[in-house]
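Colleague: Supplied in structure tokens, the structure appears directly below.
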Amino acid sequence: MEFIVTDLDGTFLDDNKHFNAALFDEVLTNWEAAGNRFVIATGRELKWVEKVFSDFVDRIDIVSSNGAVVRPLGLPEMRSMIAPETLVELQHFIERSGLLPTGGLRTYTDEAMYLVDGMGEIEPESYAFMSSLYGGVDKIKSLAEVKTPVSTVTGRWPGNHEDGYQVMEAINQSGLPLFATTSGYGTVDILPAGVNKAMALDKLVAALGTTNDHLVAFGDGMNDYEMLQHAHTGYVMPNGNAFLLEQKEFKHAAFDNNHDGVLKTIQAW
């Protein structure tokens, strides 16, 4: 069985978070007819993906929250979670670092979204969408107020992207049972230790009881790096991260994310 796996933001979605549904249906129909699977692998939350891809959700596998949540089509979800006591330690770590996010610090449970006061706000359009998705946004003073496990914590440093990289590196060297990665734009996603998209794809294939005969992956950011390396063929978007574009092991998609680059590359096969 063969797999196509694609990231969303900056890869499958255009800059307005839209995609060519008619072209996707055409490509997906041909791919399904050959007995293969199409996987979305994104830093977005499962609820977000299910909402945006509501017309296709019964035809695709989903890896969300950068690998913390795996939803094989027709099978139960598998989740890797951050424990509440680790959230307390993370809150203290962020405060001690002195590099507080200015574009929001948020986390999610299955049914709720939490936004930490004093660490900036997310964009109004995103806030409105997430509020409608979760039935509101819960404002909290600290991550320590969240008493149930979460799949990811996301912070954004939009004014100084270098601060985001510093925090990411510091978390990965902190000894906390966490792994931090970035999709760019000053955003840092904090996950349970050992979690990434490549690991999640292995879990997905195992859950399906099949083999990964050939896996083609598309991505644009550093949170796609492990997945692109893991794939038999990895494609970087022309608008992607400069480091990824420099890696000789990866191919380049035919067009960027604003011109159906993923789908047109697949069609060109």
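The values are calculated or read from the model by the stated rules, or taken from the named source; none is laboratory data. Since the structure is predicted, the reported quantities are computational estimates derived from the model, not experimental observations. Cβ atoms come from the backbone with ideal geometry, glycine included; neighbour counts cover every protein chain shown. Side chains are part of the model used for accessible areas, which takes the heavy atoms of the whole protein and leaves out ligands, DNA and RNA. Shrake-Rupley method; radii C 1.70, N 1.55, O 1.52, S 1.80 Å.
Colleague: Between GLN267 and GLU145, what FRET efficiency comes out of the Förster formula 1/(1 + (r/R0)^6) with R0 = 41 Å and r the beta carbon distance, rounded to 0.05?
Modeller: Result of the calculation: an efficiency of 0.25.
Colleague: Among the DSSP beta bridges whose two residues both lie in segment 1-98, what percent are antiparallel, rounded to the nearest 5?
Modeller: 40
Colleague: Please give me, ordered by residue number, the trypsin sites (Lys or Arg not before Pro) of segment 79-122 that lie in loop per DSSP and have at most 14 other Cβ atoms within 10 Å.
Modeller: Taking segment 79-122 and a limit of 14 other Cβ atoms within 10 Å, no loop trypsin sites (Lys or Arg not before Pro) are found.
Colleague: Could I ask something else about it? So with the 1.4 Å probe, I'd like the accessible area per residue for the chain, rounded to whole Å².
Modeller: Value returned for the chain: 43 Å² of accessible area per residue.
Colleague: While we're looking at this one, here's another question. Taking Rg and Dmax of the Cα atoms in Å as the quantity of interest, determine which of (i) 21.8, 75; (ii) 17.9, 54; (iii) 23.5, 74 was computed from the displayed structure.
Modeller: This structure yields the entry labelled (ii).
Colleague: Can you list which of the trypsin sites (Lys or Arg not before Pro) found in segment 240-269 are DSSP loop residues with at most 16 other C-beta atoms within 10 Å?
Modeller: For trypsin sites (Lys or Arg not before Pro) across segment 240-269 that sit outside H, G, I, E and B with at most 16 neighbouring Cβ atoms in 10 Å, the list reads LYS248.
Colleague: Related question: Within segment 216-269, what whole-number % of the accessible surface is contributed by carbon and sulfur, with the 1.4 Å probe and all protein chains included in the calculation?
Modeller: 49
Colleague: Could you count how many Lys pairs in the chain have their Cα atoms under 21 Å apart, skipping same-chain pairs fewer than 8 positions apart?
Modeller: 13
Colleague: What residues of segment 244-261 lie in the reach of a label at ASN20, counting those whose backbone N is under 16 Å from a point 7 Å from the Cα along Cα→Cβ?
Modeller: Of the residues in segment 244-261, 253-261 have backbone N under 16 Å from the label point off ASN20.
Colleague: In percent, how large is the relative contact order of the chain, given Cα pairs closer than 8 Å and 6 or more residues apart?
Modeller: Once normalised by length, the contact order is 22 percent.
Colleague: Also: What GluC sites (Glu not before Pro) does segment 49-127 have in DSSP loop regions with at most 10 other beta carbons within 10 Å?
Modeller: GLU111
Colleague: For all pairs of alpha-carbon atoms in segment 205-249, what percent lies in each bin of width 10 Å, listed from the first bin to the last filled one?
Modeller: 28, 48, 18, 5
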